[in-house]
1. How much length is gained if the chain between Leu10 and Ala245 is pulled fully straight, taking 0.36 nm per residue apart and subtracting their Cα-Cα distance, in nm to one decimal?
2. In what sequence, highest mean first, do 81-87, 231-237 appear when ranked by Cβ atoms within 10 angstrom?
3. Quick one: Karplus J couplings for the range 75-85, per residue in order, coefficients 6.51, -1.76, 1.60, θ = phi - 60°, nearest Hz, x for Gly and Pro?
4. Would you please state which residues of the range 160-179 a label at Leu212 would reach in this model, taking the label point 7 Å out along Cα→Cβ and a backbone N cut-off of under 20 Å?
5. Along the range 8-14, what does the Karplus equation 6.51 cos²θ - 1.76 cosθ + 1.60 (θ = phi - 60°) give for ³J(HN,Hα), rounded to whole Hz, x for Gly and Pro?
6. In sequence order, what are the phi-derived ³J(HN,Hα) couplings for the range 197-206 according to the Karplus relation 6.51 cos²θ - 1.76 cosθ + 1.60 with θ = phi - 60°, rounded to whole Hz, with x for glycine and proline?
7. Starting with the highest mean, order 16-22, 59-65 by the number of other Cβ atoms within 10 Å, averaged over the residues of each peptide.
8. At 25 °C and 0.890 mPa s, what whole-number value in µm²/s does Stokes-Einstein give for the translational diffusion of the chain, with Rh from the Kirkwood sum over Cα pairs?
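Taken together, the values in this text are just the output of simple stated rules run on the coordinates, not laboratory data. Quantities reported herein were computed from a predicted structural model and do not represent experimental measurements. As a convention, Cβ positions derive from the backbone with ideal geometry for all residues, glycine included, and neighbour counts pool all protein chains shown.
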Amino acid sequence: MSPLSALLILATVLVTAFISGIFGMAGGLILMGVLTALLPVATAMVVHGAVQMVSNGYRAILWRRYIDWRVFRRYAAGSIAAFVMLLLVAWRPEARAVYLLLGLTALLVWLPRGWVRLDILKRGQAEFAGFAVQALNTLSGVAGPLLDLFFVTTDMDRRAIVATKAVTQVLAHLVKIGFWSVPVIAAAGAGAFPPVWFFALAVPLSMLGTTLGGKLLERMSDVDFKRAMKWLVTAIGAAMLLKAAGWL
């Protein structure tokens, strides 16, 4: 990793942590795009997982009193099932198929509530979210738009949404790191990863961005938060569709 690449990634870590600190989403998707442009895919997956695990973990600590642990336990059950499936099935979708799936699922937020209502609090949906999000996150690196669909229409408080999403993503990225670290180390050894000083700077930058984003979150109302989150999910979905079509 060149010094210029490292500086660019570190700046992206700060900005994306700030975005995720507000909405609990979107930052990871942007960071993944930058990493895949600068690093080999497998290495990018591990670096992304490590940075995002710190960012989400710190955010979960900041908002820990708002975490819905019942939802997390149900989500974890689905996540474990997905991990077992990934160990048994050696399949990886093409990037274009992943982008198409992300784009289409993100746009589901515009369906009338009476047609489809994904809600993490409903019976069976936390488990389904854990399974689907873990599988997609592990194979494509990012599954935020899919996870967001289970929270956009929920009646949870904005702080509970951010806190609960954060702790579920700690688990998702931990699994992703384990899944991708083995082939990276087997192929190129530990030297394939960025140097220690990179992570020493990335961790505090991630924490700083998360803290600043949290301060802005405190000033938002639940109505403004959910409206902004819906439009942000839509923008991400549109970007993914353009990427799938090869126009971005």
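1. Extra length available between Leu10 and Ala245 comes to 81.7 nm.
2. The densest-packed peptide leads the list: 231-237, 81-87.
3. Per residue, the Karplus-derived 3J(HN,Hα) values read 4, 4, 4, x, 5, 5, 4, 5, 4, 4, 4 Hz.
4. Once the point is set 7 Å along Cα→Cβ of Leu212, nothing inside the range 160-179 turns out to lie under 20 Å by backbone N.
5. Going residue by residue, I get 5, 5, 5, 5, 5, 4, 5 Hz, with x marking Gly and Pro.
6. 4, 4, 5, 5, 8, 5, 4, x, 5, 5
7. Ranked from most to least packed, the peptides come out as 16-22, 59-65.
8. 136 µm²/s
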